[in-house]
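Reading through the C-alpha cells given below for one structure.
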Amino acid sequence: MRLRYYSKKAYVPSQHWALARGVRPALLMEGVRTEVERTIARHAQPGGHREVAVERHADGSVDLVVATRRGLARRILDARRDPVRGAAESGRLLGYPACCVRAFIDGGLPGHDDLGHFRQALRRTRGAPRGLLNPLCDLAVVPFVPCRFDCPRALRLARATLAACPPDEARTIRRILGMPILLWTDLDIVFFEGRATKGRVRYRRAGVNEAAPDFNRRRLLSGPLARGNSLEVEGAQVIVRRGKKTLLDASFAPWSPLLVGWR
Ligand SMILES: [Zn+2]
C-alpha cells in the first residue's frame, strides 16, 4: 500500500476546492520545494486565486500564499515576519478557527514542533479523535493542528472543505483520513486499512509512509507489516502478529509511538 504523508507537496486538491468555492479566503503552503510554478498556474484556474505572494528562502524552499482578495496574500506573508503576533494575525487571515490558532500559539512558538502540538491536541480531545481533522496527511482538509481533535469549529471548516470537493474525491479523502496511524514523528508514520482500539490495531493492509526519514525503522517494519494482520503497542515496544504467530517484537526505546484510531 503506497501513501505519502506530509511530504510538503505544494498542490493539495481539497485546498484548491476550498479556495475556489469560497470556503477559505487564502491558502498558505510552507516550505514548498517542488511544483511552485505549476501550483500557481493550477490555482489560477477559473474560480481560483486573484493574488499570489511568494517568499523565497535561502535553502531554496518557498512559502506561497494564494488569496481570493487583492492585498490579502501579501498581508499574510508580512504578518508571518513577527513570530508571535504574526501567527495570530496570519491564522485569522487564513480563516483558521480562533481557538485552534490560540492553542497553537500557547503550545509554543516558533519551531513548529507539529508533533508536540499534535500530542497536546490529542490529550485535549474529549470524544473520539476525528479523522477529518488529521492534519499530517497530504490529503488533509484542515492544514493546521486543531486545538483538539474534536474541535467543533475545525470540524465545521473540514466539512465545508469536503463539501466543496467533487463527491468521488471527497469519499477518497474521508476514507484515507480515517485510517488509523502509528507515528513516531510527523513523518515516521505507519497507516492501516483496519480498526484501532486502545493500543491495538487489526488491519487488512498496512503501509509505511514513503517519505519516512528513518530508513532502518522503515525496513524493519515493512516485511512483518505486509505479512501480519494485527499490531500492538506497549510503550516503546511494537508487536506485529498474523493470528497468534508473532512476526516482529521490537523495542524502539526511548521513543514510544502514538497509535491513533480516528472516527
Ligand atoms: Zn479549535
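Quick note: the coordinates plus some simple rules give every number you see, no bench work behind them. Since the structure is predicted, the reported quantities are computational estimates derived from the model, not experimental observations. We place every Cβ from the backbone using ideal geometry, glycine too, and count neighbours over all the protein chains shown.
Just so you know, the averaged projected area of the alpha carbon convex hull for the range 106-263 sits at 9.7 nm². The mean of 1/r over all distinct Cα pairs in the range 13-176, once inverted, gives the Kirkwood hydrodynamic radius of 16.2 Å. For Phe252, the residues whose modelled amide H falls within less than 5 Å of its own, excluding neighbours fewer than 5 places apart on the same chain, are Gln237, Val238. Separation of the range 161-210 and the range 10-73 by C-alpha centroid, Å? Rounded to whole Å, the Cα centres lie 25 Å apart. The modelled label-to-label distance for the pair Ala226/Thr246, using points 7 Å beyond Cα in the direction of Cβ, is 2.4 nm. Between Cys99 and Arg21, the C-beta separation translates, for a Förster distance of 25 Å, into a calculated FRET efficiency of about 0.60. Of the residues Arg202, Arg21, Arg126, which exhibits the maximal mean-square fluctuation in a Gaussian network model of the chain defined by a 10 Å Cα contact cut-off? Greatest mean-square fluctuation among the candidates belongs to Arg126. With viscosity 1.306 mPa s and temperature 10 °C, the Kirkwood radius over alpha carbon pairs of the range 168-214 converts through Stokes-Einstein to a diffusion coefficient of 139 µm²/s. Estimated from the Cβ-Cβ distance and a Förster radius of 25 angstrom, the FRET efficiency linking Ala128 and Ala160 is about 0.75. Within the range 179-260, the ratio Rg/Rh, alpha carbon atoms throughout and Rh by Kirkwood, equals 0.91. Given R0 = 45 Å, the distance between the Cβ atoms of Ala253 and Thr172 translates into a calculated FRET efficiency of 0.75. With a cut-off of 15 Å on the backbone N, the residues of the range 197-214 near the modelled label site 7 Å out from Leu115 along Cα-Cβ are 209-214. In whole Å, how far is the Cα centre of the range 216-263 from that of the range 138-154? Cα centroid to Cα centroid, the span is 27 Å.
Using a 10 angstrom cutoff on alpha carbons, build the Gaussian network for the chain and name the most mobile of Ser90, Ser230, Ser251. Looking only at Ser90, Ser230, Ser251, the largest GNM fluctuation is found for Ser251. Structure remark: mean-square fluctuation, Gaussian network model of the chain, C-alpha springs under 10 Å; the largest value among Ala154, Ala20, Ala250 belongs to Ala250.
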